[in-house]
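Here is the structure we will look at.
The values are calculated or read from the model by the stated rules, or taken from the named source; none is laboratory data. Given the structure is predicted, the values throughout are model-derived calculations rather than measurements. Note that we place each Cβ from the backbone using ideal geometry, even for glycine, and neighbour counts take in every protein chain shown.
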Amino acid sequence: MRNHAKTFFDRGWCRFDFDPQLHSWVEAALGSARATLNDSRQAKWLRYQGTWFAGVNALPNDARGAVGTSGALRGMALDFIAEELGLRDFAWDAAQVSICYPGYPLPMTGESRGQARYRREFDAAHVDGLLPEGPGRRRHLREYHGFILGIPMVEFDADASPFVVWEGSHEIVRAAFGRRFAGLAPGLWGEQDITDVYHAAREQAFAECKRVEVHARPGEAFIAHRLVLHGTAPWREGAVAGDDGRMICYFRPDPFGPYEWLNNP
Ligand SMILES: [Fe+2]
């Protein structure tokens, strides 16, 4: 756990080796994850000409992370979250079921040239929780995820639209927002337009941080720091995956408010 913590806090992410407890959760939850694709309420999530099912909060798990016969989420990653992040007894969110297919990202109608290029060339890199609002898509801090936990649900290879992280960018983001919000009560942070400081922090991360692709197999998992710049790489020619594509469940619970979001380790 110590090694994991050092890696996580230095780089902004870490990976967990095969864990039988997590693997049995994956085996039990896979049917429910697959079923989200056939749920008419979730059809809106199929985007980029069918090359990405975004599946936000699509998994019908309960607050313990249980779905179907899986029982509560358990294992090394959960121990890490409790011991190193100090987060216990929070409610698990309904997981995102994110599925990429060959060709991701094909152009999507309504998307500008710049947006398409950013998705293809910069992995649609972003920091979670900074939501675009209004016609100008101005960014505001609206969600305070404790972390991002990625759980691969099936086998796929490292070329199948891997998760991408800019190592160390969480501290660039923390410093930038620390300056931006200095002297403001946390209750007021959400109404601030933070578009410019966010874009500047992103540019700094692209210039200074190492871009790393993360691959993991069922039973393994990875966790990303809530402030880290991250995204999804395009599907590379020749990538190998089954009919389920590159299916990853992401949990992003909200265990605290804006102050902890910015200041916790
Ligand atoms: Fe994200």
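Quick look at the numbers
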{"quantity": "Any hit, region 145-160, residues being modelled with pLDDT under 95 and out of contact with any Asp or Glu (no Cβ under 7 Å at 6 or more places or on another chain)", "calculated": "no"}
{"quantity": "Qualifying strands (runs of 3 or more DSSP E) (wholly inside region 195-265; at least 2 residues being touching a helix residue (DSSP H, G or I) at 6+ places or on another chain (Cβ under 8 Å))", "calculated": "221-224, 246-251"}
{"quantity": "Residue match in region 142-162 (condition: touching a residue at least 40 places away in the same chain (Cβ under 8 Å), aromatic (F, W, Y), surrounded by fewer than 19 Cβ atoms within 10 Å (Cβ to Cβ) and within 15 Å of the ligand (Cβ to nearest atom))", "calculated": "no"}
{"quantity": "Tally, over region 126-144, of residues that are within 21 Å of A185 (Cα to Cα) and touching a helix residue (DSSP H, G or I) at 6+ places or on another chain (Cβ under 8 Å)", "calculated": "8"}
{"quantity": "Selection count, region 21-36, where residues are among the polar types (S, T, N, Q) and surrounded by fewer than 19 Cβ atoms within 10 Å (Cβ to Cβ)", "calculated": "2"}
{"quantity": "Test for V97: is it part of a loop (DSSP other than H, G, I, E, B), under 21 Å from A224 (Cβ atoms) and under 18 Å from the mean Cα position of the chain (by Cα)", "calculated": "no"}
{"quantity": "Top-ranked residue of region 98-129 - restricted to ones that are within 27 Å of P60 (Cβ to Cβ) and within 14 Å of the ligand (Cβ to nearest atom), ranked as surrounded by the fewest Cβ atoms within 10 Å (Cβ to Cβ)", "calculated": "H126"}
{"quantity": "Test: residue in region 54-69 that is without any contact (Cβ under 8 Å) to a residue 12 or more places away in the chain and either in a helix (DSSP H, G or I) or touching a helix residue (DSSP H, G or I) at 6+ places or on another chain (Cβ under 9 Å) (or both)", "calculated": "yes"}
{"quantity": "Members of region 1-20 found to be over 17 Å from H170 (Cα atoms) and exposed (fewer than 15 other Cβ atoms within 10 Å of the Cβ), listed by number", "calculated": "M1, R2, N3, D17, F18, P20"}
{"quantity": "For L85: the one exception among (1) assigned to a helix (DSSP H, G or I); (2) at pLDDT 95 or above; (3) of a type in the set (A, V, I, L, M, F, W, C)", "calculated": "(1)"}
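For (1) touching a Leu at 6+ places or on another chain (Cβ under 9 Å); (2) of a type in the set (V, I, T); (3) closer than 29 Å to N264 by Cβ; (4) modelled with pLDDT under 95, each residue gets a yes or a no:
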position	(1), (2), (3), (4)
R11	no, no, yes, no
C14	no, no, yes, no
D17	no, no, yes, no
W25	yes, no, yes, no
N38	no, no, no, yes
K44	no, no, no, yes
Y48	yes, no, no, yes
N61	yes, no, yes, no
